[in-house]
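None of the figures in this text is laboratory data; all of them are computed from the coordinates on show. On a predicted model such as this, the values are computed, not experimentally measured, just so you know. Cβ coordinates were reconstructed from backbone atoms using ideal geometry, including for glycine residues, and neighbour counts include every protein chain displayed.
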Amino acid sequence: MEFVKYFSILFIVAVNVSCKRQPIVVNTWNFTNATIKAWDVVYRQQRSAIDAVEEGCSVCEVEQCDGSVGYGGSPSEEGETTLDGMIMDGKTMNVGAVAGLRYIKEAISVARHVLDYTKHTLLVGDQATEFAVKMGFQHQSLSTPNNEQIINDWKARNCQPNYWRNMLPSPETACGPYEKVSSSIQDIRVLSPPVDEHNHDTIGMIAIDGNGNVAAGTSTNGLTYKIPGRVGDSPIPGSGAYADNSVGGAVATGDGDVMMRFSASFLGVEFLRNGYTPQQAADMVIARIGKYYPENSAAIVVVDVDGNYGSACQIFSSFPVSIYYSELDEVKVETTRCRQIGDEPNGSVYWTVSKALWVVVGMAVCKNFVRIS
Ligand code: SD4
């Protein structure tokens with residue numbers, strides 16, 4: 001009983017006392033150079049959150065962060081790298097995005113051009129490329145010898161894994177070309193190719209500037225061995241990222257084919273709007289996905305307008321998040337353990353208690369306690 005009382009008090013303190021951190025930059029994974037760049041923009045240069053997100057994510061496009069962002073990674077079955085990116089301004093609720101972008105390296109900047117210079121939200125494929133060229137971006141190959149090597153190795157493994165099903169010859173043992181099975185479609189849950197932190201590291205970034213404006217964005221080259229034309233969650237507003245000045249922002253990473261079915265980032269922001277803390281919101285998003293797809297890799301970061309943040313994940317072994325705000329002397333990386341099959345669901349009492357402890361420790365570095373409700 002004493003134990004339960006002790007943890008209940010800790011939990012109540014953890015969810016009700018929070019820090020005021022503005023500006024702040026938070027992004028997925030340990031892509032710290034991106035965080036540092038965004039922090040420089042939003043803090044030292046005192047520029048906007050949206051500039052910070054664009055310039056921060058651009059660092060990863062140049063560095064090809066973990067091979068999952070930028071050129072030369074995650075080739076499709078045909079060996080081509082294409083890029084998805086989006087950027088959202090939480091002040092105006094304006095979004096620019098590109099999907100299946102070919103031959104242009106700067107996906108998030110092209111997305112920013114969609115936002116700044118058009119009334120559209122999302123441009124795709126070759127026409128997104130044409131738009132980018134018109135806007136002055138350089139048309140160049142996104143392939144490197146790495147693409148060819150990855151696809152040659154894959155073919156040598158009989159094209160395993162892949163994203164086909166209900167085809168002949170069986171995609172589980174053979175390469176295509178395939179033909180569709182016209183009868184007895186099996187509506188079984190077919191596992192996607194394993195996705196983990198080694199092949200699955202989209203950058204998603206949330207920034208809040210000194211004026212309290214929230215922006216969020218993503219940049220990725222999607223999933224390796226994808227069927228050409230496949231677009232993931234990252235460029236879809238509300239899926240890969242979402243921002244709203246009145247409550248906060250969220251970004252998602254993981255198996256986007258599944259995650260986009262839940263509008264994960266929008267859901268996280270809506271949980272904030274309904275009064276949940278960022279940690280609770282993140283846990284609830286992952287619990288929602290996990291209820292239907294417990295075996296899929298999924299991770300989310302949620303930040304409220306006061307700069308409190310939370311993250312949650314499943315199936316990845318762990319999920320690092322990079323953070324910068326003014327009380328820190330340098331960028332910091334906080335790592336969350338991810339729920340595994342058979343664990344208590346995210347958001348359950350035991351899970352929440354362990355998260356609450358983590359939050360309490362995190363608060364030790366926080367100087368301004370502003371919200372005690
Ligand atoms: C996608 N969500 O295209 C992206 C991939 C990803 O880390 O997050 N990689 O499905």
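Charges were assigned to the Cβ only: +1 to each Lys and Arg, -1 to each Asp and Glu. The resulting dipole of the stretch 16-64 about its Cα centre is roughly 340 debye.
For the residue pairs LYS91/LYS119; LYS105/LYS180; LYS105/LYS134; LYS37/LYS105, the alpha carbons lie more than 26 Å apart in LYS105/LYS180. Inter-label distance, GLU172 to HIS120: 4.1 nm, where each label sits 7 Å from its Cα along the C-beta direction.
Scalar couplings 3J(HN,Hα) for the stretch 202-209, obtained by applying the Karplus form with A = 6.51, B = -1.76, C = 1.60 to θ = phi - 60°, are 4, 8, x, 10, 10, 10, 10, 8 Hz; x denotes Gly and Pro.
Here the Karplus relation 6.51 cos²θ - 1.76 cosθ + 1.60, evaluated at θ = phi - 60°, turns the backbone of the stretch 210-221 into coupling constants of x, 8, x, 7, 10, 9, 9, x, 9, 8, 7, 9 Hz, with x for every Gly and Pro. Distances between placed amide hydrogens fall under 5 Å for VAL124 paired with ALA99, all partners being 5 or more residues away or on another chain.
If you take all other residues with their beta carbon under 14 Å from the beta carbon of MET135, and give Lys and Arg +1 and Asp and Glu -1, the sum is -1.
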